[in-house]
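*Asks:* The structure is given below, and queries will be raised subsequently.
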Amino acid sequence: MNGPIVDARGLHKHFGALHVLRGVDLKVAERELVFVIGPSGSGKSTLLRCLNRLEEPSAGRVVVDGIDMLDPRTDINHARQRIGMVFQSFNLYPHMTALGNVTLALRKVAGKSRAEADALGRAALERVGLGDRAGHTPGQLSGGQQQRVAIARAIALEPRVMLFDEPTSALDPELVGSVLEVMRSLRESGMTMIVVSHEMGFARNAADRVVFMDEGAIVEEGPPAAIFAKPTHERTRAFISQIQRH
Amino acid sequence: MSSWERFAETFLNTKVMLKYLPDILSGVVVTIELAALVVVTGIAAGLALALLRSLGIRPLNWLIVVVVDLFRSLPPLVVIVLIYFGLPSVDLSPSGFVSTWLSLAFVLMAFSEEIFWAGITAVARGQWEAARSTGLSFGQTLMSVVLPQAFRLTIPPLTNRTIAITKGTALGTVVAVTEILGQASSAMSNSYNPSPLLMGALAYIVLFFPVVVVARWVETRLAWKR
Ligand SMILES: Nc1ncnc2c1ncn2[C@@H]1O[C@H](COP(=O)(O)OP(=O)(O)OP(=O)(O)O)[C@@H](O)[C@H]1O
Ligand SMILES: [Mg+2]
């Protein structure tokens, strides 16, 4: 199967009178890393959240790994296992250990026994470099470690695509690197990824494609070198020069 | 007779105390039964209402809020009297025990619903989103992720409220329930001596003091370890 893993077409989203997504088309191929940039409020988070239906699109189509996400007959809880999501604020369960966080959905959704789930959970924690922190609660971990646990929680379910919504924005600068490191190794293992972030350095050397969004629409997209060096649209140029001044 | 002896004769009259001890003890049993019933059913009903409310069905939520606010604003004694003297007019004649149980259970249900609801809504939206994004259903998220966090926030106010309401079992005297206070006051009028009242007070302390101490201990244990 060589079709796209993610195929979103004509996505619209209204919040009351606010028209937040205005006809977004996004196709992501297997193993591709798409990097999404754009000013605050341009709809980047909303776009990601429409892909796994945390947000109900007002119109359009979303097909992920061949599954029509908006079809009422689709078992959404089953489908969501194929789409990992990582949030800016980690959202780890504070009353569980790192391993508990990673294994909850393995047991409840994927139907693994506790022993199987623990083995898979430990392997996932190992992959993010936290094999020795399985028994720690989120409160005992640094922000960077918490975000890596959150990544482990998502990859343990062996998703077909991972969505990252500003995964390093809540981190102290010295902790950003460890999370980007994990994302890079994930990318090298062939994971399909959609990343919303301001880490332009990461975009430059890890992204296959950069998508620039503004006012609920994709203004321009292309390889990172092209987008950063010679954007064709004035709005893209303005945004990128503003980012690079920081 | 010194004034102390007169005091002892009046309030610590051993003969009267011994005579009415069995009555007071049977009152203790009734109070415990009543309190246990009120706590279990009141809290269970309160939790059930909070869970129903979390489904977010508008008309149902309005109904829940109205019922809860009603029972939160009525004095428990008024509810007891309404049920005991009011229900017979619709051909239901609950005993004093049942009237007191139902009334206090409704009141506890109302307060605990509010407390559970506050706990559920205090759990960050991101917790729901993270859990749902891994494929957990609404119910699984509620049970495994949201409620365990909500309960920690809930336990201190819930224990306080529960203690306050179970002490209301003493209101049962008004509708002839033979709990501690009922036994003590009838012993007092039969013996023309207030010593049984002191025994009753002592019985309440013996009963509720450990509960209050345990509640305090649980509260300190549950202080958020983040
Ligand atoms: N649940 C909601 N209800 C109402 N409005 C919302 C909701 N979620 C988002 N919005 C609005 O939709 C617009 C787009 O929000 P979104 O979070 O998708 O932007 P973003 O590009 O991710 O911005 P940022 O870079 O600040 O995260 C904003 O104006 C926001 O206020
Ligand atoms: Mg956002």
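*Asks:* For residues in segment A:60-76 being of a type in the set (D, E, K, R) and more than 15 Å from A:ILE194 (Cβ to Cβ), which is nearest to the other protein chains (Cβ to nearest Cβ)?
*Replies:* Selected residue: A:ASP75.
*Asks:* Here's something else I'd like to know. Inspect segment A:195-213 for any residue being within 17 Å of A:ARG127 (Cα to Cα) and outside any strand (DSSP E or B) and give the result as yes or no.
*Replies:* no
*Asks:* Can A:SER113 be described as more than 8 Å from chain B (Cβ to nearest Cβ) and either buried (at least 23 other Cβ atoms within 10 Å of the Cβ) or within 16 Å of ligand 1 (Cβ to nearest atom) (or both)?
*Replies:* So A:SER113 does not fit the description; no.
*Asks:* I'd like the full set of residues that are facing chain B (nearest Cβ under 7 Å) and in contact with a strand residue (DSSP E or B) (Cβ under 6 Å, 6 or more places away or on another chain), limited to segment A:77-98.
*Replies:* Selection gives A:MET85, A:PHE87.
*Asks:* Can we say A:VAL196 is within 14 Å of chain B (Cβ to nearest Cβ) and touching a helix residue (DSSP H, G or I) at 6+ places or on another chain (Cβ under 6 Å)?
*Replies:* It is false that A:VAL196 is within 14 Å of chain B (Cβ to nearest Cβ) and touching a helix residue (DSSP H, G or I) at 6+ places or on another chain (Cβ under 6 Å).
*Asks:* Quick one: which of A:ARG122, A:ARG127 is within 30 Å of A:LYS44 (Cβ to Cβ), charged (D, E, K, R) and in contact with a helix residue (DSSP H, G or I) (Cβ under 8 Å, 6 or more places away or on another chain)?
*Replies:* Checking each option against the conditions leaves just A:ARG127.
*Asks:* Let me ask something else. Only one of these is more than 14 Å from every other protein chain (Cβ to nearest Cβ), of a type in the set (A, V, I, L, M) and either part of a helix (DSSP H, G or I) or out of contact with any His (no Cβ under 9 Å at 6 or more places or on another chain) (or both): A:LEU120, A:LEU186, A:LEU163. Name it.
*Replies:* A:LEU186
*Asks:* Given the criterion within 18 Å of B:SER144 (Cβ to Cβ) and at pLDDT below 95, identify the matching residue among A:ALA98, A:ALA110, A:ALA117, A:ALA105.
*Replies:* That would be A:ALA110, the only listed residue that is within 18 Å of B:SER144 (Cβ to Cβ) and at pLDDT below 95.
*Asks:* Still on this structure: Does B:VAL174 satisfy the criteria of being outside any loop (DSSP other than H, G, I, E, B), among the aliphatic types (A, V, I, L, M) and within 17 Å of the chain's Cα centre (by Cα)?
*Replies:* Judged against the criteria, B:VAL174 is not a match.
*Asks:* For segment A:135-147: of the residues being part of a helix (DSSP H, G or I) and over 13 Å from the mean Cα position of the chain (by Cα), which is farthest from A:LEU48 (Cα to Cα)?
*Replies:* A:GLN140
*Asks:* I've got another one for you. Name the residues in segment A:39-56 that are more than 9 Å from ligand 2 (Cβ to nearest atom) and assigned to a loop (DSSP other than H, G, I, E, B), would you?
*Replies:* A:PRO39, A:ASN52, A:ARG53, A:LEU54, A:GLU55, A:GLU56
*Asks:* State yes or no: is A:GLY60 near ligand 1 (Cβ under 7 Å from one of its atoms) and of a type in the set (Gly, Ala, Ser)?
*Replies:* Against the criterion (near ligand 1 (Cβ under 7 Å from one of its atoms) and of a type in the set (Gly, Ala, Ser)), A:GLY60 does not qualify.
The values are calculated or read from the model by the stated rules, or taken from the named source; none is laboratory data. All of these numbers come straight from a predicted model, not from anything done at the bench. Glycine gets a Cβ as well: all are built from the backbone with ideal geometry, and neighbour counts include every protein chain shown.
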